[in-house]
Amino acid sequence: MFRGFGVNIMKHYKLYLWGLVGFVVFALLFFIATGIAIYRFNYVGRVARGVCKIVPCPMAKIGNHFIKYSDFWFDLDSLNYFYNSQKDTAGMPMPDEKTIKQNVLDRLLENYILENLAKEKGISVSKDEVEADYQTVSEENNGEENLKKILKDYYNWTPEVFKARVIYYSLLGEKLSQILGGDEQLTTTAKERLNSEKVTKYISF
């Protein structure tokens, strides 16, 4: 009886093992195929976006730092959302797709440069500072509820996204500007640093 029981266990174990191997092979082939679709054919559908939320797919590299596709797509969607919300506004030109994508990448590269410069200078921005600035911006826009509506209507953002993607980097830039001697000097320093770094794009616009 025990021998038969042992045989059954081994049989089920082998089936489980083969099933696991099959799943791993399928997943590997799936990710490879998705990677080819993304990098060779510029596929940006739901499958690609889902994969890049799981796997940190790089869309560009600056120095030894990778710019993630997920960050690029998020900011691209936000900018497109803004332009679409303004398409009926007189005198509001709609940039072409290539220009929009380049603007998004430039912003991500600039954020990386800001963070590096801040790290070198020993500068940081606390959560309390971000929250205090958010409250200031809320007051300037007739209260938090109105600010939330603006963020939702124009960018499809939540307050937390606004804090992380705008306020944080704005405060970082302000602190760097004070140390370096003004906005103009910060801009010059950031451009010099960006030009000194090798930037590689893995996709074409």
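The numbers here are math on the coordinates, done by the rules we state, and not lab data. Only a predicted model underlies this, so the values are computations on that prediction, with no experimental measurement involved. Positions of Cβ are backbone-derived with ideal geometry, glycine not excepted, and every protein chain shown enters the neighbour counts.
Remarks
- Test for Thr200: is it touching a residue at least 40 places away in the same chain (Cβ under 8 Å) and outside any helix (DSSP H, G or I): yes
- Just one of the listed residues (Asp133, Asp106, Asp128) is farther than 27 Å from Trp73 by Cα, of a type outside the set (A, V, I, L, M) and assigned to a helix (DSSP H, G or I), namely Asp128.
Quick grid of which residues meet (1) of a type in the set (D, E, K, R); (2) in contact with a strand residue (DSSP E or B) (Cβ under 9 Å, 6 or more places away or on another chain); (3) not in a helix (DSSP H, G or I):
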| position | (1), (2), (3) |
| --- | --- |
| Gly50 | no, no, no |
| Lys53 | yes, no, no |
| Asn80 | no, no, no |
| Lys87 | yes, no, yes |
| Gln102 | no, no, no |
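- Against the test of being under 23 Å from the mean Cα position of the chain (by Cα) and among the hydrophobic types (A, V, I, L, M, F, W, C), the options Leu186, Leu171, Leu180 yield a single qualifying residue, Leu171.
Every residue, every condition in (1) closer than 26 Å to Ile54 by Cα; (2) free of Cβ contacts under 8 Å to residues at least 60 places away in the same chain; (3) assigned to a loop (DSSP other than H, G, I, E, B), yes or no:
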site	(1), (2), (3)
Leu76	yes, yes, no
Thr99	no, yes, no
Ala118	no, yes, no
Ser124	no, yes, yes
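- The condition of being farther than 27 Å from Tyr69 by Cα, surrounded by 11 or more Cβ atoms within 10 Å (Cβ to Cβ) and within 22 Å of the chain's Cα centre (by Cα) holds for only one of Tyr112, Tyr134, that being Tyr134.
- Within segment 75-109, if we keep just the residues that are closer than 22 Å to Val161 by Cβ and hydrophobic (A, V, I, L, M, F, W, C), the residue that is surrounded by the most Cβ atoms within 10 Å (Cβ to Cβ) turns out to be Val104.
- Among the residues making up segment 147-203, those that are out of contact with any helix residue (DSSP H, G or I) (no Cβ under 8 Å at 6 or more places or on another chain), acidic (Asp, Glu) and surrounded by fewer than 13 Cβ atoms within 10 Å (Cβ to Cβ) are Glu160, Glu184, Glu192.
- Residues located in segment 162-191, provided they are β-branched (Val, Ile, Thr) and either touching a Leu at 6+ places or on another chain (Cβ under 8 Å) or closer than 13 Å to Asn111 by Cβ (or both): Val166, Ile167, Thr189
- When segment 35-61 is limited to residues that are among the hydrophobic types (A, V, I, L, M, F, W, C) and in contact with a Ser or Thr (Cβ under 8 Å, 6 or more places away or on another chain), the one that is surrounded by the fewest Cβ atoms within 10 Å (Cβ to Cβ) turns out to be Val47.
- Phe72 being in a helix (DSSP H, G or I), crowded, with 17+ Cβ neighbours inside 10 Å and touching a strand residue (DSSP E or B) at 6+ places or on another chain (Cβ under 9 Å): yes
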